[in-house]
Amino acid sequence: MTLNSQTGTRDVDRLIRGLVAEIGADSVVDAAQDLSRYFRDWTGDYVGTALAVIRPATVDAVCKAVRYCAQEGVPIIPQGGNTGLVGGAIDKTGRCVILSLERLNQIRSIDPINLSAIVDAGCVLQTLKAAVAEQNCHFAVSLGAEGSAHIGGIIATNAGGTNVVKFGMTRANIMGLEVVLPDGRLWSNLLELRKDNRGPDLGQIFVGSEGIYGIITGACLKLSPALKTVETAYVGCSSFKDAMQLLNMLRAQCHEFLSGFEIISNKCLPFARLAYPDLRMPVDQSIAVHVLIELSCVAQLPLRDNLEAFLAEALEGEMIEDAVIAQNQAQAGSFWKIREGLVEGYAINGYHVRSDVSVKLSVIPNLIEQLEAMLHQDFPHWTPQTYGHAGDGNVHFIAVPPKGIDTQKTYETGRDIEAAIFRIVDDLEGSFSAEHGIGRTKRDRFCKTSDPVRVALLTAIKQTIDPAGLLNPDCLIRYEEQTCPKASVVLAETLRDI
């Protein structure tokens, strides 16, 4: 275990002995074990360390661990499946305890009549989806990393995914939460009520808060009836403009059934093959833009007939160049594998500039045109890559560096490219973080460019709930007890300046 240079071995030993006394030796990871998986995210982009790693198996143990660390003044970083992309669960300072929720992983209950499920925060998304499917239900959040992502982390980051166009972000699929507060107290609202208007919904404070206000230990999730009809098509378009016109036409005809609309530049496809070498392209790879369309509903309806008629009309109107409708679930899965292989493929390839931006649907073609023009003009040796959840306005623009140049120079240029991407997004009144969150990598930009009242309010909540700043320090906002004015002063001064 790597220790912070300012932390003595005796202090760490005393901390670990105290944690063992509170939650048991089986919940404190031995320093002799391989701790690397707790110290790096899955891409390998963010690598850190920690004072200790704990894995409590009960909510009570989480409360005891948090209470003990609060008494000792030791910061805690909550960690889920470590599938994030903004460094939100990695400790680079070596002064924190990492609290993994991986052992708190049970499905507590599924109510198919109420269409709700109560689960532990460490429950893996894929496990949950399989369990509710057995009860003829469906949980709408769908991610490429669902085989590893934990429910708690998904909620803490308000994750997006491929079905936002129909079901909304994670926030829209939450009925209640159970949260351990920074002092070790437990707040719970797992009542499974669809209507409860007894004042503001406190649970929403913790959704998207990235663990700075409390540690989510359980959640009541909103389910829907199982989808009985799902049709998937893989389409080729000559341009992003045509792809977005296709979306507009599709929504006019099938809005209530549209559950997925993904765009992929053909330049991205070799990277999907890095992850899955045996991929077969449903349409000619030379077609400029590939589109994934999914229609779904809970009834047995002839959506295939609708999709065939729609694509025939689009083909006749020269809006698309080619299209294939999946004949079965396996073929549909092979279509989605192309999209899901991109993130993994880029990680395999090595360093790249990754962005997660959103704009109004009407300006997506303009956004992509400006981004690609910027890269060609100002960074001509870098390769532009564009894909994303175009149905909800989310675009992932990637810049891949040339081979054989100095690593430090590559990183410096990468920062310049990222700044240029954000300037273009700002000019189009978009967001630099559509679904990945803020974490540590985007914290400074978030605080610098956000509405100052918003930052002041977030800081005021932090000062009220966690005045010592012990939960996930330096994530989302910059907060230190010693230098941060009282919440009321922060807010009053901000409002006065405006």
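Working carefully through the options LYS64, LYS129, find the one that is within 22 Å of the chain's Cα centre (by Cα) and among the basic types (Lys, Arg). Lay out the reasoning, then the answer.
Details: LYS64 fails: within 22 Å of the chain's Cα centre (by Cα).
When all the criteria are applied, what remains is LYS129.
Each row is one residue, and each column tells you yes or no for (1) within 23 Å of ASP392 (Cβ to Cβ); (2) outside the structural domain of VAL235 (by TED's automatic domain parsing); (3) crowded, with 19+ Cβ neighbours inside 10 Å.
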site	(1), (2), (3)
PRO302	no, no, no
GLU318	no, no, no
TRP336	yes, no, yes
VAL343	yes, no, yes
ARG354	yes, yes, yes
SER358	yes, yes, yes
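For every residue, the table says whether it meets (1) assigned by TED's automatic domain parsing to the domain that holds CYS69; (2) buried (at least 16 other Cβ atoms within 10 Å of the Cβ); (3) at pLDDT 95 or above.
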residue	(1), (2), (3)
GLN408	no, no, no
GLY414	no, yes, yes
ASP427	no, no, yes
ILE477	no, yes, yes
VAL490	no, yes, no
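Name the pairs: first residue in region 405-430 and under 14 Å from ILE368 (Cα atoms), second residue polar (S, T, N, Q), Cβ to Cβ under 6 Å, at least 6 apart or on different chains?
Final answer for the pair search is ILE421/SER355; ILE424/GLN370; GLY430/SER358.
Could you please tell me which pairs satisfy a Cβ distance under 7 Å, a separation of 6+ or placement on different chains, a first residue in region 450-475 that is on the phi > 0 side of the Ramachandran plot, and a second residue that is of a type in the set (A, V, I, L, M) and not in a loop (DSSP other than H, G, I, E, B)?
From residues that are on the phi > 0 side of the Ramachandran plot, the pairs are ASN472/ILE77.
Yes or no: region 246-256 includes at least one residue that is out of contact with any Gly (no Cβ under 8 Å at 6 or more places or on another chain), farther than 24 Å from ILE364 by Cα and not assigned by TED's automatic domain parsing to the domain that holds SER142.
First, pick out the residues of region 246-256 that are out of contact with any Gly (no Cβ under 8 Å at 6 or more places or on another chain): 246, 248-256.
Next cut, farther than 24 Å from ILE364 by Cα only: none.
Within region 246-256, none of the residues are out of contact with any Gly (no Cβ under 8 Å at 6 or more places or on another chain), farther than 24 Å from ILE364 by Cα and not assigned by TED's automatic domain parsing to the domain that holds SER142.
Please find, within region 347-400, the residue that is nearest to the chain's Cα centre (by Cα) out of those that are assigned to a helix (DSSP H, G or I) and at pLDDT below 95. Don't jump to the end; show me each part of the working.
First, the residues of region 347-400 that are assigned to a helix (DSSP H, G or I): 347-349, 361-378, 390-392.
The next check asks that each one be at pLDDT below 95; those that pass are 347-349.
Values: ALA347: 16, ILE348: 20, ASN349: 21 Å.
Per the criteria, the residue is ALA347.
Going through region 314-346 one residue at a time, which ones are part of a helix (DSSP H, G or I), more than 13 Å from GLU231 (Cα to Cα) and free of Cβ contacts under 8 Å to residues at least 24 places away in the same chain?
Within region 314-346, LEU315, GLU316 qualify.
Within region 131-161, which residues are in contact with a Phe, Trp or Tyr (Cβ under 8 Å, 6 or more places away or on another chain) and closer than 20 Å to GLU262 by Cα? Steps first, answer last, please.
Going through region 131-161, the residues in contact with a Phe, Trp or Tyr (Cβ under 8 Å, 6 or more places away or on another chain) turn out to be 132, 140-141, 145, 148, 155-156.
Listed by number, the residues that qualify are ALA140, VAL141, ALA145.
Check region 272-279 and report whether any residue there is closer than 24 Å to HIS396 by Cα and surrounded by 20 or more Cβ atoms within 10 Å (Cβ to Cβ).
yes
Could you list all residues from region 132-187 that are under 20 Å from ILE98 (Cβ atoms) and of a type in the set (S, T, N, Q)?
Within region 132-187, the subset under 20 Å from ILE98 (Cβ atoms) is 145, 148-157, 179-184.
Residues satisfying the conditions are SER148, THR157.
Run down ASN105, ASN114 and say which single residue is more than 30 Å from ILE348 (Cα to Cα) and over 16 Å from the mean Cα position of the chain (by Cα). Outline the logic, then answer.
Working: ASN105 fails: more than 30 Å from ILE348 (Cα to Cα).
The conditions single out ASN114.
Scan region 283-300 and give yes if some residue there is part of a strand (DSSP E or B), of a type in the set (Asp, Glu) and either surrounded by 16 or more Cβ atoms within 10 Å (Cβ to Cβ) or more than 26 Å from the chain's Cα centre (by Cα) (or both), otherwise no. Reasoning before the result, please.
Quick first cut of region 283-300, residues part of a strand (DSSP E or B) only: 289-297.
From the residues that got through so far, the ones that are of a type in the set (Asp, Glu) too are 294.
Checking the rest, the ones that are also either surrounded by 16 or more Cβ atoms within 10 Å (Cβ to Cβ) or more than 26 Å from the chain's Cα centre (by Cα) (or both) come to 294.
There is at least one residue in region 283-300 that is part of a strand (DSSP E or B), of a type in the set (Asp, Glu) and either surrounded by 16 or more Cβ atoms within 10 Å (Cβ to Cβ) or more than 26 Å from the chain's Cα centre (by Cα) (or both).
The values are calculated or read from the model by the stated rules, or taken from the named source; none is laboratory data. Everything numeric here is computed off the predicted structure, so don't read it as measured data. Cβ: placed from backbone, ideal geometry, glycine included. Neighbour counts: every protein chain shown.
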